[in-house]
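Only one structure is covered here, and it is reproduced in the block below.
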Amino acid sequence: MRLGAEQWRVFLHWKEVINNRKTRYIEETADDNKSSKEESVIKIDEEKCVGCELCVPYCTVGAISISDGVANINQDDCVECGVCIRSGICPVDAFEETPSPWPRSLRAILSNPLVESPDTRVPGRGTEEVKTNDVSGRAKPGFVGFAVEMGRPGVSTSMRDVQKMTMALAPLGVGFEAENPVTFWITDKKTGKLRDDILNEKSLSAIIEFGIPIEKLPSVIEVLRKMEKEVDTVFSCCVASKVLPDGSIPAEKILKDMGVTVRPNCKTNVGLGRPRFKFTY
Amino acid sequence: MTHTLHRQGTVESLSRDYPMVTVACHAVPESVKGAGPKIAKFLEIAKKNGAINVGDMKQGSIYFDNLDINKICDNVSDTTIAECVFDNLEGVKKTLLELKELDMGLPMVVSGLLEPVSKMLKEIGLEVHTVAQSLGVWGKTELLPRKEVLEITTMCGHHMVSPRLVEKFIDDIKKGKNTPEKAAKVLTKQCCCGIFNEHRTAELLRKACS
């Protein structure tokens, strides 16, 4: 299949925006005094907009509405995932994109999978986790990797709610995953406190990743049950385990005993990676 | 963790939904150097064996950017994450058999129902090495879209597929203004990575409209 001229234009535009954003982010992350409200990354040119409403359902968080015959973006709700632009749905090219300053740029880092985190250099919100465990040996027998993805599926999260969760988990002595973007913003690993300047920001989701000795798994589940009532969003949970030579998954029994449902579909690393990590049991 | 996890639906429906993912291990630099051509080989093999969507996090997918599979393979970088999705386990099995034979050393992940995947791996002499298991959705679940919509939107783990767009398409299909197949193609295009299952989407749209 070949790209049409319009598709090329959208594609090249987006690539340029990503490159500009990476540069700006690196330049501006040190400047904590900039307001997150002074400039937004995605706007609608009211002169161009014809109020056709085609873009409205494409917004992942319902931030686009029509008023006075033109489309408006609720900048507080917009998580800058970029779907409105990439979809190419606007017939008059009314969406405008300008690089946003820190901390607003956090929204695209966590919500737009094509934006690489300047801290982790990995596109997307997470890390390699089980994908490379046969080589990295990251999830070892006796330990489990845990991920709490705030805002997923598709509800979005405030960074205040992310902080509520990191602060609830930190006292358990969890080891926050060093290569995860959220971990870069935790200023105190003992308390789970995040940088103050990001607390008014939002994202489509944010993954809190950590490792724990398997005996701490029940304490984590208890904290999560308590936090269900404390946060104003949803969160999706995931447990990563090295499967034992007899084929058993020790975390499963603990979870079952606690009445936690493990879904039938999962991610399976099939052990084809080399050089192979040598696990001890 | 993890954009191919947390897909929702019945076991019957999920039996036609198997994403595969690969990335070289960045913690071991020698495994990253030269990984690009190996990743390209994986995508070629997957496509040949019937993968219905294929993509690469740094370039996009065959739907998202209308990229040609050959073009994706020609430009795969050592550090990318490459993905595809199958609507049957047989294609995954054939792909893994070829990869096992080639022994390129690329870490490989299969997402989907653990029981049949585990059985298939045993048949071809591979192992369930490490698993990431979903514990579902917690918290204010009253904020979620309805189940029929979530079964579609959760196929893009980055949630680039808007629930409002799915609702609009369901409405349009019911009114005869759209078809499940056409709507599924548009929804698949919103996912950048190549893991959105167009065939299952059409099936779920049909079911939601019935």
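Nothing in this text is a laboratory measurement; each read-out follows from the coordinates by a stated rule. In this text the structure is predicted, and so the values were computed from the model without any measurement. All Cβ positions, even for glycine, are placed from backbone atoms using ideal geometry, and neighbour counts span all protein chains on display.
Report the paramagnetic label zone for A:Thr280: residues of the stretch A:232-252 whose backbone N is under 17 Å from a point 7 Å from Cα along the Cα-to-Cβ axis. Residues passing the 17 Å test: A:245.
Which shape class, rounded, prolate or oblate, goes with the stretch A:110-208 when its Cα gyration tensor gives a ≥ b ≥ c as root eigenvalues, a/c under 1.5 marks rounded, and past that a/b bigger than b/c marks prolate? Since a/c reaches 1.5 but b/c is at least a/b, the shape of the stretch A:110-208 is classed as oblate. Using a/c under 1.5 as the rounded threshold, could you call the protein assembly as shown rounded, prolate or oblate? The axes a ≥ b ≥ c are square roots of the C-alpha gyration tensor eigenvalues, and prolate needs a/b larger than b/c, oblate otherwise. It is rounded, given that a/c, with a ≥ b ≥ c, falls under 1.5.
For chain B, the longest principal axis of the C-alpha atoms and the axis of helix B:35-48 are separated by about 50°.
Look at the alpha carbon pairs under 8 Å that are at least 6 residues apart: their mean separation over the length of the stretch A:163-257 gives a relative contact order of 28 percent. For A:Lys242, the lysines whose Cα comes closer than 20 Å to its Cα, not counting residues fewer than 8 places off in the same chain, are A:Lys131, A:Lys140, A:Lys216, A:Lys253, A:Lys256, A:Lys267, A:Lys278, B:Lys119, B:Lys122. Each of B:Glu30, B:Glu151, A:Glu46, B:Glu142 has some number of other Cβ atoms within 10 Å of its Cβ, and from fewest to most they run B:Glu142, B:Glu30, A:Glu46, B:Glu151. Working note: Karplus 6.51/-1.76/1.60 with θ = phi - 60° gives the stretch A:128-133 the couplings 6, 5, 5, 4, 10, 5 Hz, where Gly and Pro are set to x. The phi-based Karplus calculation (6.51 cos²θ - 1.76 cosθ + 1.60; θ = phi - 60°) puts the 3J(HN,Hα) values of the stretch B:169-184 at 5, 4, 4, 4, 5, 4, 8, x, 8, 8, 10, x, 5, 5, 5, 4 Hz, whole numbers, x for Gly and Pro. Placing a pseudo-label 7 Å from each Cα along the Cα-to-Cβ vector at A:Glu46 and B:Arg16 gives an inter-label distance of 4.8 nm.
A Cβ-based charge dipole, computed about the Cα centre of the protein assembly as shown with Lys and Arg at +1 and Asp and Glu at -1, lands at about 1120 debye. Database note for chain B: Cys without another Cys beta carbon under 4.7 angstrom, B:Cys25, B:Cys73, B:Cys84, B:Cys192, B:Cys193, B:Cys209. Scattering from the stretch A:59-134 was approximated by placing one identical point on each alpha carbon and applying the Debye formula without solvent; log10 I(q)/I(0) at 0.16 1/Å stands at -0.68. Toward the positive end of the charge dipole of the protein assembly as shown, with +1 on the Cβ of Lys and Arg and -1 on the Cβ of Asp and Glu, the farthest Cα among B:Asn88, B:Ile173, A:Pro153 is that of B:Asn88. Counting only residues at least eight positions apart within a chain, or on another chain, the aspartates and glutamates with an alpha carbon under 19 Å from that of B:Lys207 are B:Glu12, B:Asp17, B:Asp87, B:Glu148, B:Glu151, B:Glu167, B:Asp171, B:Asp172, B:Glu181, B:Glu198. As a rough guide to protection, the peptides B:72-80, A:62-70 ranked by mean Cβ packing within 10 Å, highest first, stand as B:72-80, A:62-70. Look at the stretch A:225-233: the mean tally of other chain Cβ atoms within 10 Å of its residues' Cβ atoms is 2.
Here the Karplus relation 6.51 cos²θ - 1.76 cosθ + 1.60, evaluated at θ = phi - 60°, turns the backbone of the stretch B:75-87 into coupling constants of 10, 5, 9, 4, 9, 7, 10, 10, 9, 7, 9, 10, 9 Hz, with x for every Gly and Pro.
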